[in-house]
1. Read through the list (1) out of contact with any strand residue (DSSP E or B) (no Cβ under 6 Å at 6 or more places or on another chain); (2) surrounded by 15 or more Cβ atoms within 10 Å (Cβ to Cβ), then give the number of the only condition that Gly227 fails.
2. Sort through Val181, Val219 and tell me the only one that's surrounded by 13 or more Cβ atoms within 10 Å (Cβ to Cβ) and closer than 17 Å to Gln241 by Cβ.
3. Among the numbered conditions (1) closer than 30 Å to Pro102 by Cβ; (2) touching a residue at least 12 places away in the same chain (Cβ under 8 Å), tell me where Leu167 comes up short.
4. Give the residue, chosen from Ser188, Ser207, Ser147, that is closer than 26 Å to Ile95 by Cβ and of a type in the set (Gly, Ala, Ser).
5. For the range 146-161, does any single residue satisfy the condition of being surrounded by 11 or more Cβ atoms within 10 Å (Cβ to Cβ) and not in a helix (DSSP H, G or I)?
6. If you go through the range 258-279 one residue at a time, do you hit one that is assigned to a helix (DSSP H, G or I) and closer than 23 Å to Lys164 by Cβ?
Amino acid sequence: MKKKLSVFIVPDSGNIKQFSFSKSLLISLAAAAFLYSGASLMFSVDFFSRKIEARHYKSMAEENQFLSAKLASIDMSIGRLNDEVKGLVEKEKAIRTIFELPEIDPQERELGIGGPDGISSTDGSAPIKDAAFQSEAEIDRLVALSSFEKEQFSYIYERLLEKKSDLDHTPSIWPTQGYLVRGYGVKSDPFTGEQKLHSGLDISNRSGTPVVATADGVVALTRYQSGLGNTVVVDHGNGLQTVYGHLSKFKTKEGQRVRRGELIGLIGSTGYSTGPHLHYEVVKFGGTINPVQYIFTAGPNF
């Protein structure tokens, strides 16, 4: 005989009701309830997992969109910076050409800045990461190139300072105003008529006309010499000297540093002279050269 489970319901009216269930039925109902609960739980977990995953993907999509916009802005800035760096390179090349400075080997400009290796990703962010790595590599390249250009401009600045010093110490103006009465070269001696080398320029003007240094330098001599009379010699360095003869007065002294255009004497007629004038020479490494080839300013009348 199968055992049954009986349930009695006793209401206030006193009519008792009895319900009987077999054990197998109860087990079946319990199993069904368990399966239902398990299925409901699994469905709920799957449902909420999908919701969370969808929210996560949405967040990632929004973040990727934001990063894409930022990268696009960065790429534009990199493009402008790249153009500016290219402009600096072209200016540097132009300056080197103008001032005859040595050119940079093109291979030296290729600094060997390598980009990152390719990356792989299982999510949708790989293109963003690729773009970010490429932007980073380009920034590194531009920073390195900018540093290189900074060094080159420092080099150019130093060389131009040297050239400026050389130019400042090169006799390039007329030493006085007046009339050029004798030039450089083989001329007839005014006293003997003999043909011989005239080693400078004779510029005629009234006694007392100012005579100036034609370049920066140090006064090496201020004294009377036979032939040239009262003479000033200025040493400009680099083997260059200038000579100013027949002066009536000295306006400088030996050892004094003078600048181009600074007063050093007055025109006179001392020494071997037929009248008031300045005898002006340019001496390079001990030999005289034609001063006119150094002069770039308008000066005495011919």
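1. Unmet condition: (2).
2. Val219
3. Checking Leu167 against (1) closer than 30 Å to Pro102 by Cβ; (2) touching a residue at least 12 places away in the same chain (Cβ under 8 Å), the one that fails is (2).
4. Just one listed residue meets the conditions, Ser147.
5. Among the residues of the range 146-161, not one is surrounded by 11 or more Cβ atoms within 10 Å (Cβ to Cβ) and not in a helix (DSSP H, G or I), which makes the answer no.
6. No, the range 258-279 has no match at all.
Here's the yes/no breakdown for (1) touching a strand residue (DSSP E or B) at 6+ places or on another chain (Cβ under 8 Å); (2) among the β-branched types (Val, Ile, Thr); (3) at pLDDT 75 or above; (4) more than 30 Å from Phe133 (Cβ to Cβ):
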position	(1), (2), (3), (4)
Met42	no, no, yes, yes
Phe66	no, no, no, no
Ser73	no, no, yes, no
Met76	no, no, yes, no
Leu81	no, no, yes, no
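Matching residues to (1) in contact with a Lys or Arg (Cβ under 6 Å, 6 or more places away or on another chain); (2) of a type outside the set (A, V, I, L, M, F, W, C); (3) outside any loop (DSSP other than H, G, I, E, B):
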residue	(1), (2), (3)
Lys187	no, yes, yes
Phe191	no, no, no
Ile203	no, no, yes
Thr231	no, yes, yes
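The values are calculated or read from the model by the stated rules, or taken from the named source; none is laboratory data. Keep in mind it's a predicted model, so treat the numbers as computed, not measured. Cβ atoms come from the backbone with ideal geometry, glycine included; neighbour counts cover every protein chain shown.
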